[in-house]
Structure formats: C-alpha cells, structure tokens
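**Student:** I'd like to ask some things about the structure below.
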Amino acid sequence: MEKKRSMSVVEKLKEHQKKEYREADHWYNLPSIRKLSRDRHRKGNQNSRSDREQLPRDGRNLIHTNPLAFLVGAVFNRGVHWKKAWEIPCCINQKGKLDASKLAKMKKSELVRLLKSLRVKPRYVDQGAETLEDVATLVERDFAGDTAAIWRDASPASVEKRLQRIRYVGPGIASMVTRILHDDCGMFRGQEQEIDIKPDVRVRRVFERTGLTNSKSENEARNAAWRLNPDFPGELDWPAFDIGGEWCVASNPRCPSCPLTAVCPKHL
Ligand code: SF4
C-alpha cells in the first residue's frame, strides 16, 4: 500500500514536470529565471511584481548566454535565496570582473573585497571568495578558459565530479547543474540515471509530507529518488521544488489546490 501510494506521488510529480516545465526556447532558460516572469500561481500575491523585478533583463540575458555567469550563479545557490544567488554573477559583471582569466589572477583578499562590494553578496563572503577562486582555476587551468567545456561531451557523473573540485560545491549543487543542463539544454540524453535530485529544503519538505521519506534527511531524500525513479532520479527535483514553493510551504500549506492533493497522505 505504502509503495503504491509513493508511486502515485512520483507519477503526479512527473506529470507536474511535464505540464509546467515548459520546453526551453534557448540555452540557459533556467526554471528559476523563467519563474520570475510568470504569474501562474501568484495571482493576487503582492510579491509577484517585485519577484519579477529582482532580476533585471540584462541579468537574465547574461545567465542565458554566458556559461561562466551560469556556473557562478549555480555555485552560489547555497545559504542565500535562489533568486539572489542568480543575481551574483550579474553584479560581478557590473564590476567588470566576470572573466575567468581576470578572476584567476586575483588574490583571495581581492576576491573578498570584490564580493563585499556587490549589491547582492553570498552569505559567507570568505567562503564565497574561495569558491570563486576555484571556479576561475577550474575554467582557466583545466578547460583553457572555456567554461562550457566542463560539461560538453561529458557524462553527468564526470561533470558532477569536476564541479565538486570547487570548494563548498557538494553533490546537491553539482546535480542541480546537470539537471538544469539536461532539462533546459537537452544534454545527457540516455544518461538520466546518473542525474540526482538536489535535496534542498523545499524538496525534502515535499518528500516528507507526501510520505516518500520519513524525515528531512538529505540522504534519505536522495535514496528515495533513486529507489522510486531509478531511470531518472533528478526528474523529481524541479516538480518537488516548485510545489514546495507554491503550495507545500512551511506554514499553512495550500493542500486543497495542490497538484498532489489527491495522492498525498499530508503528513503535516
Ligand atoms: S501542500 Fe498538502 S497536498 Fe500538497 S504536497 Fe504538501 S501536504 Fe501534500
């Protein structure tokens, strides 16, 4: 019975992905960026306008078209709100420093000063400087300045391994990158079994409340995705993240209108 219910939740999550995660119209059409321009769930929500305005058009274009901006935004997706994380590369670009060769020449103290001067900063500036230092080294030293070569013609597992050479980038961020490259850029076809979920707080909340897991443990969430959707564990990532942000919020979840309501045991 439990297994059957879990599978129904998984099927609904996959349905939500197919229905809502629209086909990318160009490179780096990130789901997070796309959410800023849609009102779907937020009608009547006073925050919707300011949400959309948090990333200026130039910033969105930059992430869509510049692989280094995409990578920098991705690696800062920790400890700060995701919308802010994607703004960091745009802020670095405004300072004229979004260039791996320039960044690679900077000392850690200079990187700290750069990050401190930004309008949007990483939560821990010291650690952020080390992350940026490693991004620049990886791109410049190992990939001759070509950021996209990190993932071009590589398997998801090897891309994730490369990304985890960057300090403070763990399996969660690494799998978020491969999942976005798969969903938005059509990469890694036929290798989906290597792409995991990023067990962030929203995903873990949805997994626990729907009975896919018994706790908010990251490992349990990752294992549940492997077990329940072995052909493509990461497929459950975006729909759970979306539902965790729009319906299954921390307080007062909106169960009646939630896409999972028919199959969810609502472990609140
Ligand atoms: S909002 Fe309610 S129905 Fe939807 S996933 Fe959360 S607990 Fe389940």
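The values are calculated or read from the model by the stated rules, or taken from the named source; none is laboratory data. A quick note: this is a predicted structure, and the numbers were derived from the prediction, not measured. Cβ coordinates were reconstructed from backbone atoms using ideal geometry, including for glycine residues, and neighbour counts include every protein chain displayed.
**Student:** For residues that are under 13 Å from G244 (Cβ atoms) and touching a residue at least 60 places away in the same chain (Cβ under 8 Å), tally how many sit in segment 207-233.
**Tutor:** Residues that pass the stated criteria total 2.
**Student:** Ok, one more. Would you confirm, using the coordinates I've provided, whether N214 is over 25 Å from V80 (Cβ atoms), surrounded by fewer than 22 Cβ atoms within 10 Å (Cβ to Cβ), polar (S, T, N, Q) and more than 14 Å from the ligand (Cβ to nearest atom)?
**Tutor:** Considered against the rule, which asks whether it is over 25 Å from V80 (Cβ atoms), surrounded by fewer than 22 Cβ atoms within 10 Å (Cβ to Cβ), polar (S, T, N, Q) and more than 14 Å from the ligand (Cβ to nearest atom), N214 comes out as yes.
**Student:** Answer with yes or no whether R205 is surrounded by fewer than 20 Cβ atoms within 10 Å (Cβ to Cβ) and in the same structural domain as S6 (by TED's automatic domain parsing).
**Tutor:** Answer is no for this residue.
**Student:** Something else about it: Among the numbered criteria (1) modelled with pLDDT of 95 or more; (2) away from the ligand (no atom under 15 Å from the Cβ), which single criterion is violated by F207?
**Tutor:** (2)
**Student:** Hey, another quick one. Take the conditions more than 24 Å from V203 (Cβ to Cβ), out of contact with any helix residue (DSSP H, G or I) (no Cβ under 6 Å at 6 or more places or on another chain), part of a loop (DSSP other than H, G, I, E, B) and not small (G, A, S) and apply them to R152. Does it pass?
**Tutor:** It is true that R152 is more than 24 Å from V203 (Cβ to Cβ), out of contact with any helix residue (DSSP H, G or I) (no Cβ under 6 Å at 6 or more places or on another chain), part of a loop (DSSP other than H, G, I, E, B) and not small (G, A, S).
**Student:** Now a separate question. Out of A221, A225, A240, A250, I need the residue that is within 13 Å of the ligand (Cβ to nearest atom) and under 30 Å from A157 (Cα atoms). Which one?
**Tutor:** Of A221, A225, A240, A250, the one residue that is within 13 Å of the ligand (Cβ to nearest atom) and under 30 Å from A157 (Cα atoms) is A240.
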